[in-house]
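> Got a structure for you, written out below as structure tokens; questions coming shortly.
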Amino acid sequence: MLRAMVASVTAMVLVLAIGPAFVRWLRFNEYGQNIRVEGPEGHQVKSGTPTMGGLLIWFAVLVPYIVFSRFSVASFTVLFAALANASIGFVDDWMKIVRRRSLGLSARYKLLLQLLLSLFIGFVVLHFCGLDTRVDVPFTDVRLDLGTWGFYAVVFLTLAGFSNAVNLTDGLDGLAAGASAIVLVALAGVAFIIARNTNDPGIQDLMVVSGCVGGACLGFLWYNSFPADVFMGDTGSLGLGGAIAAMAILTRTELALVIMGGLFVLEAGSVALQVAVFKLTGKRVFLMAPLHHHFELKAWSETKIIVRFWIVAAIFAGAGFVAYYATF
């Protein structure tokens, strides 16, 4: 627990210390965000804001991880899942900058790369982390055996689903970073309970990597809160979703994560619902999707939406933690 706390604070301090110089470097090189024309009209003023701030997050994660972790397979798997997704996001961000438009790597190629990553993560989890193909069902003592291919499918759905859900949530200043930190605290709590009862060093190390990512998110909020000096870009959001998903996989909370990460589920679900209903009926459920844009168009201020969504994220994270604790 102490190592995790120190690692978290170290990551946060690193972001705070390096942040100003990093933002200046992004501005000097004109690595600015291109805003979608289809988005809310008020977002056009954010065009040109430095992006790829996720690079700062992952640097601040790596340093304390190297110093404080015990390099367990479990924690390294989470870190690898985060950095691999961040790399996909970096390619996407770079393509947007080079092309000077809001379209980067196509969804097809993203999902293909995430499928390959999921197969690798699933293989490592089954063969090197001592886990099997069962998942815990919240609020029961049932462990559902999915079989090998069923387990691989859940890994893919969790990894791709949550990385892209965090990416969709990253539409307002500080929203994704704050919500991710909240969910990571809940997952670190789950890891603490497992470690306390099993005395497994690998699980204890999960608290360290979760602390590193959560601390970096909190530090990043200093520069990413409204009005943002820098955006995390897909480099940050896809990586954060990958870290959250991998933490859930390693702690057997894939199903509880649907509750724990409920805000991300709502954001992604609002997009899916909007598209499905529009294709079937030609009508829209929301003024605009994802959900936070709906409230923007209802004249809620950006800060009000962000704070209220953080509250919703905390409620879901607490409920998901309770669901795990009741099961355990």
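Coordinate-derived values only; no laboratory data. Fair warning: this is a prediction, and the values are worked out from it, not measured in the lab. Cβ coordinates were reconstructed from backbone atoms using ideal geometry, including for glycine residues, and neighbour counts include every protein chain displayed.
> Pairing the Cα long axis of helix 175-198 with the longest principal axis of the chain, what angle in degrees results, from 0 to 90 and rounded to the nearest 10?
0
> Let's test the formula: R0 of 30 Å, r as the Cβ-Cβ distance of ARG24 and ILE66. What FRET efficiency results, to the nearest 0.05? Display every interim value, and only then the final one.
Values: r = 26 Å, r/R0 = 0.86.
Once the sixth-power term is evaluated, E becomes 0.70.
> Right, here's the next one. Given a 10 angstrom Cα cut-off, can you work out which residue in LEU117, LEU131, LEU184 is the most mobile in a GNM of the chain?
LEU131
> Which one of ALA268, THR253, VAL230 has its Cα pushed farthest toward the positive end of the charge dipole of the range 225-295, where Lys and Arg give +1 and Asp and Glu give -1 at the Cβ?
Sorting the options by dipole projection puts first ALA268.
> Oh, and also: What do you get for the angle between helix 233-250 and the principal long axis of the chain? Use alpha-carbon atoms, 0 to 90 degrees, nearest ten.
20
> Packing-wise, with mean Cβ within 10 Å as the measure, how do 144-157, 254-267 rank, highest first?
Working: 144-157: 15.8, 254-267: 24.6.
Per-residue mean Cβ counts within 10 Å order the peptides as 254-267, 144-157.
> Starting from the Cα-Cα distance between MET5 and VAL312, subtract it from 0.36 nm times their residue separation and give me the gain in nm to one decimal.
So the chain would gain 108.1 nm between MET5 and VAL312.
> Counting Lys and Arg as +1 and Asp and Glu as -1, each charge on the Cβ, what is the dipole of the range 2-327 about the Cα centre in debye, to the nearest 20?
Values: 22 positive and 19 negative charges, 106 e Å.
Charge dipole, the range 2-327, about its Cα centre: 500 debye, nearest 20.
> With label points built 7 Å along Cα→Cβ from the Cα atoms of ILE193 and LEU273, find their separation and express it in nm.
Reported label-point gap for ILE193 and LEU273 is 2.8 nm.
> Between PHE128 and PHE59, how many nm apart are label points set 7 Å from Cα along the C-beta direction?
Taking the two extended label points, one gets 2.8 nm.
> What shape does the range 212-328 take by its C-alpha gyration tensor, where a ≥ b ≥ c are the square roots of the eigenvalues and a/c under 1.5 counts as rounded, a/b above b/c as prolate, and the rest as oblate? Please report the intermediate quantities before stating the final value.
Details: a/c = 1.81, a/b = 1.19, b/c = 1.52.
Since a/c reaches 1.5 but b/c is at least a/b, the shape of the range 212-328 is classed as oblate.
> At what distance in nm do the modelled label points of TYR325 and TRP149 sit from each other, each positioned 7 Å from its Cα along Cα→Cβ?
4.0
> Also: Please say if the range 59-175 is rounded, prolate or oblate, where rounded means a/c under 1.5 for a ≥ b ≥ c the square roots of the C-alpha gyration tensor eigenvalues, and otherwise the choice is prolate for a/b larger than b/c and oblate otherwise? All intermediate terms of the calculation are to be shown ahead of the outcome.
Numbers: a/c = 1.98, a/b = 1.48, b/c = 1.33.
Judged from the Cα gyration tensor, the range 59-175 comes out prolate (a/c at least 1.5, a/b above b/c).
> Sticking with this one: In the Gaussian network model of the chain, springs joining C-alpha atoms below 10 Å, which of THR253, THR77, THR198 carries the largest mean-square fluctuation?
Highest fluctuation of the listed residues: THR198.
> I need to check one value: relative contact order of the range 2-327, counting alpha carbon pairs closer than 8 Å and at least 6 residues apart, in percent.
On the way: 577 pairs, mean separation 92.0, N = 326.
For the range 2-327, the relative contact order is 28 percent.
> Moving to a separate point now. Using only DSSP helix segments of four residues or longer, with each worth -39500 (n - 2.57), what per-residue ellipticity at 222 nm results for the chain after dividing by its residue count and rounding to 500? Don't jump to the answer; show the numbers that get you there.
Values: 12 runs with 238 residues, N = 328.
When only DSSP H runs of four or more count, the value is -25000 deg cm²/dmol.
> Something else: How far, in degrees from 0 to 90, does helix 2-28 lean away from the longest principal axis of the Cα atoms of the chain, to the nearest 10?
Tilt of helix 2-28: around 20 degrees.
> Among VAL6, PHE278, TRP310, whose Cα lies farthest out toward the positive end of the dipole of the chain, if unit charges sit on the beta carbon of Lys, Arg (+1) and Asp, Glu (-1)?
Going by the Cα projections, it comes out as PHE278.
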